[in-house]
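Have a look at the structure below, then the notes.
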Amino acid sequence: MIERWALVSGLKGDLETYEMIQSDLKKTRGVKTLFILGDMIGPERNCDALLNRLQNPRRGDLQPQCIYGWWEEQLLAEQGLRGEQKADALRLNQGEEAVTALLNAVNSTHLKWLASLQFGFIELDCGLIHGSSADIGDNLTSETSPLILIDRLTRLDVNRLFTAHSTEQFHLELTGGGLNSHVKDLNGESQYQQKVSKQSIIGIGAGEYYTIYDVGSDKTHFLSVGGQYNTKGKGFA
Amino acid sequence: MKHAVISCLHANLAAVKAVLKDIDQKGISDITCLGDLVGYGPQPNEVVDLIRERAIASCQGCWDEDIIEGLNACECSYPSQLAEKRGHLAHEWTAEQLTDINKDFLASLPTSIRRDRILFVHGSPNSQHEYLLPDMNAFAALERVDKAGADTLFCGHTHQPYVRELKNGSIRVRLQNTSNNNAEEKEINLPMRKIVNAGSVGEPRHGSTNATYVIHDDVTGEVEIKEVAYDIELTCQAIIDAGLPRIFAWRLSHGFEFAEQAEDASHVCER
Ligand SMILES: [Zn+2]
Ligand SMILES: [Zn+2]
């Protein structure tokens, strides 16, 4: 049986794009699950309509499974609902106006729901997270050192890590290699080689750029809104 | 030049004195301490005084941090509720004993000390509470040293001394993205790096009751792990006299803390 996941992030209140993705997904065979990896909100527009829709899907919508992202964390921190700090990262990067804009973009009735969202999902041997388990704002890209990527996979103890914060669409597979370890302690010396295990990091994109993951074949397909999903297509293995 | 690195003194004055004497006898004057000056042991002020007197450069350890910041460490630091309770007891006792001057001194300690391409930390460059065990995933271990911009990383916190060389590493990757239709393959060669754990002066957990520390030769790069016997009875009696949990004395005289081996030492405290 075909099982595909749709992975979406960075909608930032854009209900129109969300509706277009939903309508794309209706035409795509085998998509059983829709994961939204955070950044449902942002400062650029009012996010209430999208948040309403995510919490109360329309008939025919694929039920979204949401986790929180960098923007949600900033909002929750500013409202005192997460950690000790305020939205310091946002304030530092984009100034006070951005913080005010974010507060204005989300009606406080949504805070409870946003605060209830999880940091990530573990499905099969896949980790789905906005940045990584090291940091919600961890900017993993196709250029990130593979050492860091292995560290992030190891921390979550998964073989595949789906990440969104960088907004880039990529599939980086670790295919081989190793590292020698020579350890000396008071009992003597020992040596072994750790092999690179076959693992992947997948960047899912943001906004109108999203990803379909074929669970059975382990292939990712990078799409944009209105783009045709071609089941005969190569896909990226 | 040779220099000595000590860690995890844990308020055990007899052990600290014995180790410093051993280092002095070797004619080594350059000493770096990786923190945990206090905690568990019966002489927190005496040990901090001694380190200050001798002007030994020191990082802040997990205990030093907790004593100043208050005990907000998450429970992951302790393998069992019983161990946690004992830890809290030792924490309260130590916080009560320490003079304000010594508390200020612990508060002033840096979380890391850098000398060119050598970095000194208590746990890991990420956190004073992270354990870098000798069998940790080699790539993740290399990432800690490399990301910190060091060739050699000195750490403590595990109370088990070791020297780990990471070398001849490479990673092959295949990359697919929206701009390339055919996957791009590449191989990355990894740098050679070293992790040195200095063990523990005042709370050894490597299997013997001796205090441990390391000597580093910065010309040859060689590291020697040293064991020093000290008057354990003296410290054990002081623990009992101070009213600290007797198990701390029992541990020192048995040399292995099997009752409190962390169940998941690789767990990173996220607080
Ligand atoms: Zn220690
Ligand atoms: Zn420690």
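None of the figures in this text is laboratory data; all of them are computed from the coordinates on show. Owing to the predicted nature of the structure, the values given are computational and were not obtained by experimental measurement. So basically every Cβ, Gly included, is an ideal-geometry build from the backbone, and we count neighbours across all protein chains shown.
The table that follows gives values for the structure above.
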item: Karplus 3J(HN,Hα) series, Hz, for the range B:226-236 with 6.51 cos²θ - 1.76 cosθ + 1.60 (x for Gly, Pro); result: 10, 10, 10, 7, 9, 7, 5, 4, 4, 5, 4
item: Among B:Asn210, A:Phe162, A:Asn104 - extreme Cα towards positive end, dipole of the protein assembly as shown, charges at beta-carbon; result: A:Phe162
item: Loop-exposed trypsin sites (Lys or Arg not before Pro) per DSSP, neighbour cap 15 Cβ within 10 angstrom, longest uninterrupted part of chain A; result: A:87-197
item: Per-residue HN-Hα couplings for the range B:117-131 [Karplus 6.51, -1.76, 1.60; θ = phi - 60°; Hz; x = Gly/Pro]; result: 9, 10, 10, 10, 9, 7, x, 8, x, 7, 6, 5, 9, 7, 8
item: Cut-off under 5 Å, modelled amide H: who pairs with B:Arg115 long-range; result: B:Phe120
item: Three-way shape label, chain A, alpha-carbon gyration tensor, a/c 1.5; result: oblate
item: Low-density loop cleavage sites - GluC sites (Glu not before Pro) in the range B:147-249, where at most 14 other Cβ are within 10 Å (DSSP); result: B:Glu222
item: Under-5 Å amide H pairs with B:His159, H placed in peptide plane, nonlocal only; result: B:Gly199
item: Pair A:Lys32, A:Leu81: separation of 7 Å Cα→Cβ label points (nm); result: 3.2 nm
item: Karplus-derived 3J(HN,Hα), 6.51/-1.76/1.60, for each residue of the range B:184-190, Hz, glycine and proline x; result: 9, 10, 8, 10, 10, 8, 9
item: Shape of the protein assembly as shown, Cα gyration tensor, a/c cut at 1.5; result: prolate
item: Filter on B:Lys85/B:Lys226; B:Lys147/B:Lys186; A:Lys12/B:Lys147; A:Lys86/A:Lys219 - keep pairs with C-alpha separation over 28 Å; result: B:Lys85/B:Lys226; A:Lys12/B:Lys147; A:Lys86/A:Lys219
item: Calculated [θ] (222 nm, deg cm²/dmol) that DSSP helices of n ≥ 4 give over the protein assembly as shown, each run adding -39,500 (n - 2.57); result: -9000 deg cm²/dmol
item: Other-chain or far-sequence residues with amide H under 5 Å of A:Lys219's (modelled H); result: A:Asp214
item: Computed magnitude of the charge dipole of the range A:146-205 (debye, nearest 20; Cβ of K, R +1, Cβ of D, E -1); result: 100 debye
item: Lys, Arg +1 and Asp, Glu -1 on Cβ, resulting dipole of chain B about Cα centre, debye, nearest 20; result: 640 debye
